[in-house]
1. Since ARG78 meets every condition but one in (1) part of a strand (DSSP E or B); (2) over 22 Å from LEU173 (Cα atoms); (3) open to solvent by less than 70 Å² (accessible area, probe 1.4 Å), which condition does it not meet?
2. Look at region 38-75 and say how many of its residues are in a loop (DSSP other than H, G, I, E, B) and aliphatic (A, V, I, L, M).
3. Confirm whether PRO94 is closer than 14 Å to LEU195 by Cα and loosely packed, with under 15 Cβ neighbours inside 10 Å.
4. For the condition out of contact with any Leu (no Cβ under 8 Å at 6 or more places or on another chain), modelled with pLDDT of 90 or more and surrounded by fewer than 16 Cβ atoms within 10 Å (Cβ to Cβ), what is the one hit in THR47, THR73, THR109, THR118?
5. Just give me the residues in region 55-113 being polar (S, T, N, Q), under 27 Å from PHE183 (Cβ atoms) and within 19 Å of the chain's Cα centre (by Cα), in sequence order.
6. Being in contact with a helix residue (DSSP H, G or I) (Cβ under 7 Å, 6 or more places away or on another chain), at pLDDT below 80 and open to solvent by 60 Å² or more (accessible area, probe 1.4 Å) narrows it down to one residue among PRO232, PRO214, PRO142; which is it?
7. Do we have ASP124 as in a loop (DSSP other than H, G, I, E, B) and either at pLDDT 95 or above or open to solvent by 20 Å² or more (accessible area, probe 1.4 Å) (or both) here?
Amino acid sequence: MVQTSGYTATAITQTPQTANITTAIRAFLLAIVPPDTPVQLAQQNRTVAPSGPFALVTLLNRQPLATVAQTDTATTSRFCLPEDVTVQVSLFGPGAGNNAQRLATLFRTPWACQFFETLTSAQDSPQAETGLTVADWLANPPSPSNATAHASTATDAGSQKASAITPARIAPLYTSAPRQAPFISGERQFEEHWLLDLHCQVNTLITLPTIMAPAASIALVQAETVTDKPTP
C-alpha cells in the first residue's frame, strides 16, 4: 500500500488541456489552408483519410522552459510551468508544399501572434463556420468573429461537430523548415506530402487543494501538570 495525499483526481485541475492546444492550432491552420480543407487530429482509430487535400495535427513534445513557479493561498496551491510545445503539421494532396511554405512563413510573423491573441480574447463569442481566409483576416484582424470562426474542435470522422473547446492561450516561438516526405495512398500512388514542426509557448497551470494549515490551534496547559511521564 502506498500512502497518498488523500485528494481525488477531480480535486486537481490543469489548464490548458491538450485539446485546448490542438484547438488553437487547428483554428490557425484553417485560416491559412484553402477553404474546405479538412484539418484533423492524427493517430485516430477507425478513421479513413479524407479525399483531396487535408492536414493532420500531432502534438509531439512538451519541453519545460523554466522551473515551476508556485503560489499558495489559504485553500489552494497553484503551480505554473512555461513550456515549449511542439506540434507537427502534416499536409497532404495537391498544393501541400505551397501550404507548408505559407504556414512556415506566417507562423514566424507578428500576424500569428495577433491571431492567437484575438482568438483567445474572443473565445466567449459565438463560434460559426464562416470560411475564414488569410485575406479576410488580414483585412479585419481585430474582428472576434474572424478569429474564432474555426475554433470549434474536430471529431474523429471530421464531419460531425462536438461541443466547442476553448482554445488555449499560446504564443508562437518558431517553426522548422518544411520538408517533403514520401506518402503512398491506398491505391499505391505517390501523393504530395509535406510536414513541419510548430513551436509555441504554453503556460501550464495546475491547481490543487493546499496541504498547509490555514491557522494554528493554541491550547493552555497548567505548568504544574506533568506531561513527560512515559505511557504504560
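The values are calculated or read from the model by the stated rules, or taken from the named source; none is laboratory data. None of the values given here were measured: they were computed from a predicted structure. Ideal geometry is used to build each Cβ from the backbone, glycine not excepted, and the neighbour counts take in all protein chains shown. Heavy atoms of the whole protein, side chains included, go into the accessibility calculation; ligands, DNA and RNA do not. Shrake-Rupley method; radii C 1.70, N 1.55, O 1.52, S 1.80 Å.
1. For ARG78, the failing item is (3).
2. 7
3. yes
4. Being out of contact with any Leu (no Cβ under 8 Å at 6 or more places or on another chain), modelled with pLDDT of 90 or more and surrounded by fewer than 16 Cβ atoms within 10 Å (Cβ to Cβ) holds for just one of THR47, THR73, THR109, THR118, which is THR109.
5. Within region 55-113, THR58, ASN61, THR86, GLN88, SER90 meet the criteria.
6. Details: PRO232 fails: in contact with a helix residue (DSSP H, G or I) (Cβ under 7 Å, 6 or more places away or on another chain); PRO214 fails: in contact with a helix residue (DSSP H, G or I) (Cβ under 7 Å, 6 or more places away or on another chain).
The match here is PRO142.
7. Yes, satisfied.
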